[in-house]
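What follows is a single structure, written as structure tokens, with notes after it.
Laboratory data are not the source of any read-out in this text; all were calculated from the coordinates shown. What you see is a predicted model, and the numbers here were worked out from it, not measured in a lab. Every residue, glycine as well, gets a Cβ built from its backbone with ideal geometry; the counts of neighbours run over all protein chains shown.
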Ligand SMILES: [Zn+2]
């Protein structure tokens with residue numbers, strides 16, 4: 001059983017700064033504890049891809065009911081440009097969201 005301790009080191013700021021090469025490399029397999037960097041995590045959150053996913057999630061959340069009939073049966077309309085996994089299935093969240101479709105009254109509106 002492993003114990004994961006999470007803490008924020010005093011000497012590491014949340015603002016992006018250059019990491020020394022020793023911290024940037026992943027440690028080899030050993031019993032030494034691995035310290036995850038908050039800076040790397042903050043940089044990952046600031047990447048455009050994560051902002052695009054957050055905007056997509058906000059749009060999906062904002063359009064859960066039809067503006068015409070106020071029913072909740074709303075489906076997202078997506079382009080056929082999503083990524084496929086190794087089994088040929090669409091990777092969820094990878095296709096471009098262009099609008100919404102009401103399953104009750106067939107009303108459609110842009111995202
Ligand atoms: Zn509707």
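FRET efficiency for the pair residue 3 and residue 46, taken as 1/(1 + (r/R0)^6) with r the Cβ-Cβ distance and R0 = 30 Å, rounds to 0.50. Report note on the peptides 97-108, 79-90, 52-63: ranked by the mean count of other C-beta atoms within 10 Å, highest first, their order is 97-108, 52-63, 79-90. Simple spin-label estimate for residue 106 and residue 38 gives 5.5 nm between the two label positions (7 Å along the Cα-to-Cβ direction from each Cα). Measuring nothing but alpha carbons in segment 33-111 and taking Rh as the Kirkwood radius, the Rg to Rh ratio lands at 1.13. Relative to one another, the C-alpha centroids of segment 32-63 and segment 69-111 are positioned 22 Å apart.
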